[in-house]
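Read through the structure below, which is laid out as structure tokens, and then see the notes.
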Amino acid sequence: STIGTNPAGIGIYRSNDAMLTFGYSMTGTESNYVGNKFETNKNRWSFDNAGFVIASKIGNHTPLRYVNFGFNYHKSKSFYKNMTMQGLMGSIDNQYVSQVRSMAQQATDAQDYVYHNYNQQRLNWESNDIYRDSEAGWLGAVGYQGSLLFENRQTGSPDSYDPYIPSEADAYFLSRERGGIDQYDFNISFNINDRFYFGVTLGAYDVDYNKYSLYDEMYAYKWEGDGQIYEEGYSLESFNRIHGSGFDFKFGAIFRPIEDSPLRIGLAVHTPTYYKLTYTTGALLTSDLFLPNEAGDETLTRTTVDTYSALGGRDMDRDFKLQTPWVFNASLGYTVGNNLALGAEYEYEDYSSMKFKYPEGDEMAWETGEADLCMKGVSTLRLGAEYKPIPAFSLRAGYNYSTAAYKKDAIKALPSNSINTDTDFANSKSMNTFTLGIGYRFSSFYADLAYKFDTYKSDFYPFYNDINGLVTPPTTEVTNTRSKVLFTLGMRF
């Protein structure tokens, strides 16, 4: 793994090495919304890692002792996760909390912008062409076409829209996330006098992220026709994919300040990862509401809004660029005799410095501004130890701690022309990682078995409403865990 953290670590190798790693992961998510608890799990096998190092010896007495080359593939990020929550959304100051408020607000904001910037024009929310209009937000569009919004037509000023929320919403949310980021690292490193090590890694990334989400609201409705209580409501399904590629560079150095001491000090810096990505999305809204028929009588009517059909049998694609933060890394290593190795590492990256850009290179001001507003710097501490009771057998233990990337009051605010219809977001908190492992080395081959456990909590919201300055609905408390067993086979030659 050193190839992707401090590239100089490859310079320490004095023999060739090749390895493969396979894994089995168990991902769990437990949600608690005002006492309503759900637990979802996802288990899967994976091919996690493959790499090799070619150690090229230059000489025993020359300043340059080794020039090494390395390659490594590994799954740097797994998105496999399921999430469920359910409960009553409540009300604040006699206003029902509902996602429909977000629909109405976006439609109002989009119409206001178009009215004041396009010679008092009005958006045609009824037309299927609204999904091709670069100034119209899809959340407002599906809400309007699904009969969830009331239009307030005004002369001499832009139209506004009010939400239809007949009673307290009973909400249900489900999401399934899949995919990951594959990382390919190419390294060259140098050994100077067995005391100074330098390395450079070129990283290439392949991104494939898929998310399906379903948000459903049900309302109790007293129909005047017979005085009975019926259920009205709607469901909004969102289909999203992000795919693309990226690259970065990593520069590292390791040195032994005292010639006769095993103390090692490492420093590394990673450039931002420069991604070129494509966001693909579609939405399907189904509403069941009492609406007037041709005779003027109210009947329970189902309305379906399908962006795939509205766009002529396709989803919408949007290309963009993403620039991740710089990463700074410092490490210490020390060996005690021939039996014990100790390591400590600190890493920092400021997520508020992320930048989003259009394909032409111009900055996406809204998205970049939201990153600066909602994200913050992350510190990661890694500690590790390896003990060899006999030369061929190793016992390993490690601990990682990462601070939260989100500010406490972070929200997901969609611009008035956003094509996103998934309004959910989760503010993840600090993460703890524990690892245990054993290893055995034969004459040329070696085998390692490791167990890794990650856990972190997050505050989840299916949407954001701003009612009297409050972020609503109430927080869904989520506990996320992932257990993973890793088996590595390698050969040194």
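The values are calculated or read from the model by the stated rules, or taken from the named source; none is laboratory data. Predicted, not measured: the structure shown is a model, and the values here were computed from it. Cβ atoms come from the backbone with ideal geometry, glycine included; neighbour counts cover every protein chain shown.
Tell me, which strands (runs of 3 or more DSSP E) lie completely within the range 321-390 with 2 or more residues that are aromatic (Phe, Trp, Tyr)?
Working: elements: 327-336, 340-350, 355-357, 377-390.
Per the criteria, 327-336, 340-350.
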Members of the range 290-313 that are assigned to a strand (DSSP E or B) and not charged (D, E, K, R): Phe290, Leu291, Pro292, Thr299, Leu300, Thr301, Thr303, Thr304, Val305
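Considering only the range 1-40, how many residues are part of a strand (DSSP E or B), closer than 25 Å to Thr435 by Cβ and under 26 Å from the mean Cα position of the chain (by Cα)? Walk me through how you get there before you give the answer.
Filtering the range 1-40 for residues part of a strand (DSSP E or B) gives 17-33, 36-40.
If we keep only those that are closer than 25 Å to Thr435 by Cβ too, we end up with 17-30, 39-40.
After this cut, where a residue has to be under 26 Å from the mean Cα position of the chain (by Cα) as well, the list is 21-30, 39-40.
Result for the range 1-40: 12.
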Flag for Gly90 being of a type outside the set (Phe, Trp, Tyr) and crowded, with 18+ Cβ neighbours inside 10 Å: no
Lone qualifier among Leu267, Leu214 - being under 30 Å from Gly199 (Cβ atoms) and surrounded by 14 or more Cβ atoms within 10 Å (Cβ to Cβ): Leu267
Residue match in the range 105-113 (condition: assigned to a loop (DSSP other than H, G, I, E, B) and hydroxyl-bearing (Ser, Thr, Tyr)): no
Residues of the range 36-60 that turn out to be within 18 Å of Arg482 (Cα to Cα), among the hydrophobic types (A, V, I, L, M, F, W, C) and surrounded by 15 or more Cβ atoms within 10 Å (Cβ to Cβ), as a count: 1
Pairs, first within 16 Å of Ser394 (Cβ to Cβ) and in contact (Cβ under 8 Å) with a residue 24 or more places away in the chain in the range 332-348, second surrounded by 14 or more Cβ atoms within 10 Å (Cβ to Cβ) and among the polar types (S, T, N, Q), C-beta under 8 Å, six or more apart: Ala341/Thr335; Leu342/Thr335; Gly343/Ser331
Residue in the range 385-406 that is of a type in the set (D, E, K, R), at negative phi and loosely packed, with under 14 Cβ neighbours inside 10 Å present: no
Looking only at the range 442-493, and only at residues there that are under 18 Å from the mean Cα position of the chain (by Cα) and part of a loop (DSSP other than H, G, I, E, B), the one that is surrounded by the most Cβ atoms within 10 Å (Cβ to Cβ): Phe463
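Tell me which residues, restricted to the range 107-137, are among the small types (Gly, Ala, Ser) and over 20 Å from Gly156 (Cβ atoms). Can you show your working first?
Of the residues in the range 107-137, the ones among the small types (Gly, Ala, Ser) are 107, 110, 127, 134, 136-137.
Matches in the range 107-137: Ser127, Ser134, Ala136, Gly137.
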First in the range 312-327 and over 19 Å from Ser127 (Cβ atoms), second anywhere and surrounded by fewer than 16 Cβ atoms within 10 Å (Cβ to Cβ) and basic (Lys, Arg), Cβ under 7 Å, 6 or more apart: Lys321/Lys276
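Please determine whether any residue of the range 107-118 is closer than 24 Å to Glu151 by Cβ, touching a Gly at 6+ places or on another chain (Cβ under 9 Å) and surrounded by fewer than 22 Cβ atoms within 10 Å (Cβ to Cβ). Give the steps one after another, and end with the answer.
Initial filter on the range 107-118 (closer than 24 Å to Glu151 by Cβ): 107-118.
Pick out the ones that are also touching a Gly at 6+ places or on another chain (Cβ under 9 Å) and you get 107-111.
Now drop any that are not surrounded by fewer than 22 Cβ atoms within 10 Å (Cβ to Cβ), which leaves 108-109.
Yes, some residue in the range 107-118 is closer than 24 Å to Glu151 by Cβ, touching a Gly at 6+ places or on another chain (Cβ under 9 Å) and surrounded by fewer than 22 Cβ atoms within 10 Å (Cβ to Cβ).
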Any hit, the range 352-368, residues being in contact with a helix residue (DSSP H, G or I) (Cβ under 8 Å, 6 or more places away or on another chain), hydrophobic (A, V, I, L, M, F, W, C) and farther than 30 Å from Tyr446 by Cβ: yes
Where a residue in the range 99-121 is modelled with pLDDT of 90 or more and its partner, wherever it lies, is assigned to a helix (DSSP H, G or I) and of a type in the set (Gly, Ala, Ser), with Cβ under 7 Å and at least six apart: Val100/Gly143; Met103/Gly140; Met103/Gly143; Ala104/Gly143; Gln106/Gly140; Ala107/Gly140; Ala107/Gly143; Ala110/Gly140
